[in-house]
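Read through the structure below, which is laid out as structure tokens, and then see the notes.
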Amino acid sequence: MDRIAEPWGSRTPYGSGQTWPVRVDTYLESGVVEEEVDTWVQSASVLHSNGDGLDLAVRDGRIVGVRGRAVDRVNHGRLGPKDLFGWQANNSADRLTVPLIRREGRLVETDWDTAMEAVVGRARELLDERGPSSLGFYTSGQLFLEEYYTLGLIGHGGIGTNHMDGNTRLCTATAAAALKQSFACDGQPGSYTDVDHADVIALFGHNMAETQTVLWARVLDRLAGPNPPAIVCVDPRSTPVARAATVHLAPRPGTNVMLMNGLLHEIIGNGWIDQDYIDAHTVGFDELRTALADYSAERVARVCDVPVEDLRAAARLLGGAQRLLSTVLQGFYQSHQATAAAVQVNNVHLVRGMLGRPGCGILQMNGQPTAQNTRECGADGDLPAFRNWANDEHIADLARVWNVDPMRIPHYTAPTHLMQMMRYAEDGSLRFLHVSGTNPAVSLPELARVRDILTQDRLFLVVQDLFLSETAQLADVVLPVAAWGEKTGTFTNVDRTVHLSEQAVDPPGQARSDLDIFIDFAQRLGLTDKDGAPLVKWRTPEEAFEAWKRCTRGRPCDYTGLSYEKLRGGSGIQWPCNTEHPDGAERLYTDGDFFSAADECESYGRDLVTGAPLEPTEYRAMNPLGKAIIKAAEYLPPHEPISSDFPYHLITGRTLYHFHTRTKTGRAPQLQDAAPQVWVEMSDADARRHGFGEGDLLEVATARGVVRARLRVSGIRPGVVFLPFHYGYWDTPGGHEPGDGPSRAANELTITDWDPASKQPLFKAGAARVERVAAGDGTPAAAPTTTGSRPVRAGVPETSGGAAGTAVERMGGAS
């Protein structure tokens with residue numbers, strides 16, 4: 001099957017309560033057959049957050065293809081397009097293979113000792129002159145658990161800086177914040193297997209068809225089988241999810257809290273609640289009911305600009321479901337009042353008692369394969385194993401695990417989030433920024449400002465990456481790293497499934513694993529524990545994993561029952577995995593007890609409007625005592641409303657065929673050919689009003705910048721324009737540079753603003769204007785036709801991969 005043209009593959013229908021059938025997907029590079037593969041090496045997907053189990057095909061020391069793992073609980077053998085084709089980036093000819101250092105304004109090749117001494121030397125100077133707060137670390141959702149834990153130990157327990165974050169801040173910070181607000185702890189309550197049982201599946205700002213293609217295949221197979229679930233979709237675009245939906249709500253951007261309050265108003269007003277569950281397992285319900293009094297369906301429909309009958313139909317489905325599964329992603333997380341909106345989804349489940357049973361779950365989704373690990377391991381704005389930075393006993397316990405003085409671990413205030421780190425760098429207090437596995441020169445908002453910050457002479461920028469990305473080109477030192485498949489480690493997906501990824505081949509040239517680089521950095525810097533022994537006491541990934549297990553003992557994310565050996569050969573396993581749950585736990589909160597007691601909670605919560613952390617006394621006053629916390633949220637208008645000068649809502653997002661800034665997917669021919677250039681989406685009504693045609697060259701402008709892109713006339717709601725954010729300045733290094741003309745990077749336009757509680761940037765909150773630069777020549781925009789960018793006008797050729805995009809599917813077998 002052409003898996004570019006058919007991203008979700010063939011249907012294997014099944015009914016409620018049945019086991020999802022096996023379908024094993026395989027792709028091998030041209031000229032290779034399965035019998036000629038030297039070995040198959042266990043791993044899992046790395047270009048999205050689903051965590052599909054797969055094996056890497058190795059021949060003559062190269063990765064030459066992939067095959068889904070039939071035994072894996074996540075995918076039952078299926079792979080998505082990025083799984084099938086994205087691995088080819090590992091073999092790209094432009095991989096970084098030697099360290100680079102800036103000399104006289106240019107990056108030149110150097111040796112590892114010179115590069116590392118430059119990094120460590122500058123870090124040491126700043127520690128001596130300015131202290132730990134002059135250093136910051138910004139990492140990825142692409143590394144392994146063992147690497148994040150090592151980095152978290154170095155930053156928090158060794159250097160003592162509060163300035164650590166991951167690019168998960170851009171995609172899943174609101175997931176973590178919403179879980180902490182409602183359940184006092186991170187960790188997803190639900191399981192992917194809830195798809196097998198649910199009679200209603202609600203997707204809030206989550207284009208699952210493009211962001212988690214294999215999970216959407218699971219939903220499609222339920223829809224094709226007996227007793228299919230109803231689908232509720234909240235999205236301003238006509239995505240594949242919206243086209244499959246029973247009810248599609250396309251609210252005006254910035255009104256998600258208003259919409260959720262309207263749905264809750266209908267659910268509670270009609271008595272579609274489980275009062276016994278509310279009384280036994282929650283606090284805060286009366287405050288919610290009072291706060292919802294002003295959110296009538298008529299008012300909400302008017303503000304959100306959705307039909308009132310559709311709003312009520314969605315509420316009836318949510319309120320009448322016997323088994324409700326809800327998922328949430330960037331349409332809520334990157335929008336105005338992000339955490340407040342995501343918390344209201346939790347509230348739907350709490351007032352309906354829809355937790356802890358098959359088919360009854362919440363997945364506050366992640367966008368990256370190891371986003372969960374950055375949060376668990378303390379490599380972002382959290383402390384390891386869900387410890388509470390505001391709880392002195394938790395700090396003392398972590399200090400015991402690390403054998404350091406508790407005062408070395410910064411906990412005088414909340415860990416610094418990325419956008420604040422950038423402000424500190426802009427102001428000059430942060431002078432050293434170590435970036436690993438991410439590309440902020442394309443992914444952060446307001447790129448002109450970001451470039452100014454990253455190119456300051458006083459900022460020492462270190463970049464660890466596979467390729468000379470836009471950010472790496474600005475660095476003082478560039479360190480070449482091993483890719484997935486070239487090192488060993490574990491990573492955890494959104495439903496808490498832990499996978500082992502084994503090293504299949506050697507990295508190219510002198511490239512080293514991120515783990516080896518972090519350990520080398522710690523040793524050269526002379527970081528020690530309080531007894532004078534090396535702070536980092538492990539050398540191998542497995543030793544790091546064993547150390548991590550000790551850190552998690554007794555914590556909600558308990559890994560103590562896992563081992564590399566247990567993860568080899570079979571399926572991924574969910575945490576908690578310990579004596580109580582030796583084979584992992586399918587769901588959390590099955591007994592209605594939550595990690596919310598004041599002495600065990602990960603967070604005391606935040607004010608949803610100001611973002612101010614609650615004091616322990618304020619938290620105790622809510623009297624959670626093992627109960628979930630229902631928090632109401634008032635709707636507030638967006639910070640940057642549309643106007644006569646900027647009459648369109650601008651939203652950005654993803655496409656099925658690319659991941660983040662295309663450092664990998666842009667080097668996979670099938671994926672790149674499916675979506676080779678940026679485009680801008682506009683509704684047919686808006687295009688006709690302006691006299692625009694498919695393929696016209698448009699200029700999209702905000703108060704911050706200008707982008708040029710070809711027009712795709714799509715099913716997006718009127719008054720909204722959409723840009724995919726994946727595209728930077730150039731297709732290949734040395735191409736289009738800043739200042740050469742209008743950019744194609746969507747983040748030239750986005751605003752420096754973030755949610756007060758989660759600190760997640762608001763990429764779907766800007767006001768824009770659109771003008772035509774040149775009429776098209778009849779050639780359509782280079783946007784896929786299989787996805788949310790499907791055209792509404794005739795004459796656009798269908799997206800296909802041809803022979804190069806063809807993969808093998810094998811049906812049947814035991815999962």
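The values are calculated or read from the model by the stated rules, or taken from the named source; none is laboratory data. Just so we're clear, the structure is a prediction, and the values are computed from it rather than from any experiment. Neighbour counts are summed over all protein chains in view; Cβ atoms, including those assigned to glycine, are modelled from backbone coordinates with ideal geometry.
Overview of results
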read-out: Out of Pro761, Pro742, Pro784, Pro780, sole residue that is modelled with pLDDT under 90 and either assigned by TED's automatic domain parsing to the domain that holds Arg704 or farther than 16 Å from Gln330 by Cα (or both); value: Pro742
read-out: Condition met for Thr174 (within 20 Å of Thr413 (Cα to Cα), buried (at least 24 other Cβ atoms within 10 Å of the Cβ) and not aliphatic (A, V, I, L, M)); value: yes
read-out: Some residue of the stretch 426-437 being hydroxyl-bearing (Ser, Thr, Tyr), in contact with a Phe, Trp or Tyr (Cβ under 8 Å, 6 or more places away or on another chain) and at pLDDT 95 or above; value: yes
read-out: From the options Arg496, Arg555, residue that is within 30 Å of Leu215 (Cβ to Cβ), under 22 Å from the mean Cα position of the chain (by Cα) and in contact (Cβ under 8 Å) with a residue 60 or more places away in the chain; value: Arg496
read-out: Elements of type helices (runs of 4 or more DSSP H) in the stretch 277-396, at least 3 residues being touching a Gly at 6+ places or on another chain (Cβ under 9 Å) and either at pLDDT 95 or above or buried (at least 20 other Cβ atoms within 10 Å of the Cβ) (or both); value: 297-304, 308-320, 330-333, 338-352, 371-377
read-out: Residue that is modelled with the lowest pLDDT [pool: residues in the stretch 1-55 that are small (Gly, Ala, Ser) and touching a Ser or Thr at 6+ places or on another chain (Cβ under 8 Å)]; value: Ser49
read-out: Residue count for the stretch 426-441, restricted to those that are surrounded by fewer than 24 Cβ atoms within 10 Å (Cβ to Cβ) and either in a helix (DSSP H, G or I) or assigned by TED's automatic domain parsing to the domain that holds Thr665 (or both); value: 2
read-out: Residue identified as touching a strand residue (DSSP E or B) at 6+ places or on another chain (Cβ under 6 Å), of a type in the set (Gly, Ala, Ser) and within 12 Å of Leu263 (Cα to Cα) among Ala321, Ala313, Ala297, Ala301; value: Ala313
read-out: Condition met for Glu634 (farther than 24 Å from Gly166 by Cα, outside the structural domain of Cys360 (by TED's automatic domain parsing) and not small (Gly, Ala, Ser)); value: yes
read-out: Verdict on Pro228 being under 25 Å from Ser45 (Cα atoms), touching a helix residue (DSSP H, G or I) at 6+ places or on another chain (Cβ under 8 Å) and surrounded by fewer than 24 Cβ atoms within 10 Å (Cβ to Cβ); value: no
read-out: Residue that is touching a Phe, Trp or Tyr at 6+ places or on another chain (Cβ under 7 Å), charged (D, E, K, R) and assigned to a loop (DSSP other than H, G, I, E, B), where the choices are Asp457, Asp495; value: Asp495
read-out: Unique match (being part of a loop (DSSP other than H, G, I, E, B), out of contact with any helix residue (DSSP H, G or I) (no Cβ under 6 Å at 6 or more places or on another chain) and closer than 27 Å to Arg400 by Cβ) among Lys537, Lys566, Lys549; value: Lys537
read-out: Arg606 vs. criteria surrounded by 14 or more Cβ atoms within 10 Å (Cβ to Cβ) and farther than 23 Å from Ser335 by Cα; value: no
read-out: Index of the failed condition, Lys82 passing every other in (1) surrounded by fewer than 23 Cβ atoms within 10 Å (Cβ to Cβ); (2) outside the structural domain of Leu444 (by TED's automatic domain parsing); (3) not in a loop (DSSP other than H, G, I, E, B); value: (1)
read-out: Residue satisfying condition, being closer than 30 Å to Val707 by Cβ, in the same structural domain as Gly141 (by TED's automatic domain parsing) and not aliphatic (A, V, I, L, M), within set Arg451, Arg555, Arg524, Arg539; value: Arg451
read-out: Top-ranked residue in the stretch 17-60 [being under 25 Å from the mean Cα position of the chain (by Cα) and part of a strand (DSSP E or B); ranked as surrounded by the most Cβ atoms within 10 Å (Cβ to Cβ)]; value: Leu54
read-out: Any hit, the stretch 796-804, residues being of a type in the set (A, V, I, L, M), under 22 Å from Lys82 (Cβ atoms) and surrounded by fewer than 18 Cβ atoms within 10 Å (Cβ to Cβ); value: yes
read-out: Scan of the stretch 1-55 for residues that are without any contact (Cβ under 8 Å) to a residue 60 or more places away in the chain and among the aliphatic types (A, V, I, L, M), ordered by number; value: Leu28, Val32, Val33, Val37, Leu54
